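Structure first, then comments.
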Amino acid sequence: MDETLIPENPYLLLTPGPLSSSKGVRAALLRDWCTWDGDYNEGVVQNIRRRLAGLMGPKAGDFTAVLMQGSGSFAVESVLGSVVPQAGRLLILTNGAYGQRMVRMAETLKLPHRALAWPETAALEPAVVDQALAEDESITQVALVHCETTTGILNPLPELTRVVKARGKTLIVDAMSSFGGLQFDAGDLDFLISSANKCLQGVPGFAFVIARRTELEKCRGLARSHCLDLYDQWREMEAAGKWRFTSPTHVVRAFLQALEELAAEGGPAVRQARYAENQRLLVEGMRALGFETLLPDSLQSPFITAFKYPGPDFDFLEFYRRVKARGFVLYPGKVSRADTFRIGSIGEVYPEDMRRLLAVIREIRGPA
Ligand SMILES: *Cc1c(COP(=O)(O)O)cnc(C)c1O
């Protein structure tokens, strides 16, 4: 495909996803595939599954990847519904809207569960989790969000993994908005969930689960949903790279291109450095223009940043429209107790884009 034929986007998406994708990824969408032909099953699906498991770090060989139709939440629901046994009990740790969404899923699925909540601007605390697990022996699984996209907070995954695994529980991690965007060591976690259209920079349409093989093997017959049965989807895929039901073929092929581009960029460590530089420039420039971040720098991820409204008269929608007219789409806030808006630093976005954005905001706002 001649990439010069791919149209330019009218504006850059500075959002939590879907993100601005590369022309190479968009070009890869432009042909059709047969879902039972080897070109697709082996050449695309199995290739993707091997690459995904390979991103899990030193113990990658213990993991197997399962692709799932739908957005990221479908994959989260497939894990919660397929992993917790009838006699088990799920502990959900929350400090934002995506943790809360897992609680809603558990309620809808009628899973035995308990939630442990922190404020949206505080990180999950491993010592408190350890105490909760010590006091309640009925817990069998623990679920948490790595980067809470609500605020952009990065929860301390290595320490949380240590306390959960030291107590012998299965650990489920929603790494939707972090996976692929940072140098990663899965350590001893059991199920990691992410989607095509976040830091891996594909287009939306499916999500995936990277599971510890020995844990996934225990999930046969546990699912509360036929379509979202993680175990059955895995068995089918493992056999010959087939999905149980129609897969979003174009999106899947574009995702392979996105994974190849990640490797060409230098892998997650190099991508992390780019995102971190985007975010550093953004925060430094916004502070110079009189904006404050919601979080202290010590809790902030490099993926998305929440800014407080600069004053009671700030009209976000008007600001949004003026910034969009100059080529950048921002994102509304999601925290419950403060007026915020968010700016993403992920996707096909580079430091020069951040400098252009800051020049636009400076022009709109005038000097601080
Ligand atoms: C994006 C995201 C999801 C999934 O959202 P969908 O709209 O279903 O794709 C889940 N968890 C986190 C932390 C996210 O950032």
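The values are calculated or read from the model by the stated rules, or taken from the named source; none is laboratory data. Model, not experiment: these values are computed from the prediction. Glycine also receives a Cβ, built like all others from the backbone with ideal geometry; neighbour counts cover every protein chain displayed. Just the protein is used for accessible areas: all its heavy atoms, side chains included, with ligands, DNA and RNA removed. Shrake-Rupley method; radii C 1.70, N 1.55, O 1.52, S 1.80 Å.
Quick notes on this one:
- Gyration tensor (alpha-carbon) shape descriptor, region 268-365, a/c threshold 1.5: oblate
- Protection-proxy order for peptides 79-85, 181-187, each taking the mean of Cβ atoms within 10 Å per residue, highest first: 79-85, 181-187
- Over the C-alpha atoms of the chain, the Rg to Rh ratio, Rh being the Kirkwood estimate, stands at 0.97.
- Rounded to the nearest whole Hz, the Karplus-based 3J(HN,Hα) values (6.51 cos²θ - 1.76 cosθ + 1.60, θ = phi - 60°) of region 250-259 follow the sequence 5, 5, 5, 5, 5, 5, 4, 4, 4, 5, with x at glycine and proline.
- Restricting region 306-358 to trypsin sites (Lys or Arg not before Pro) that sit in a DSSP loop and have at most 16 other Cβ atoms within 10 Å of their own Cβ leaves Arg326, Arg337.
- For region 268-365: accessible area per residue (Å², 1.4 Å): 46 Å²
- When Glu352, Glu120, Glu159, Glu135 are compared by accessible surface with a 1.4 Å probe, the order from highest to lowest is Glu135, Glu352, Glu159, Glu120.
- Straightening the chain between Asn47 and Glu318 buys 93.0 nm, computed as 0.36 nm per residue apart minus the Cα-Cα spacing.
- Structure-based [θ]222 nm, the chain - -39500 (n - 2.57) summed over DSSP H runs of at least 4, per residue, nearest 500: -11000 deg cm²/dmol
- GNM top mover of Phe179, Phe316, Phe206 - the chain, alpha-carbon springs below 10 Å: Phe316
- Listed cross-link partners Lys198/Lys334; Lys169/Lys218; Lys110/Lys218; Lys59/Lys218; Lys59/Lys242 are compared with a 23 Å cut-off, the Cα-Cα value being larger for Lys59/Lys242.
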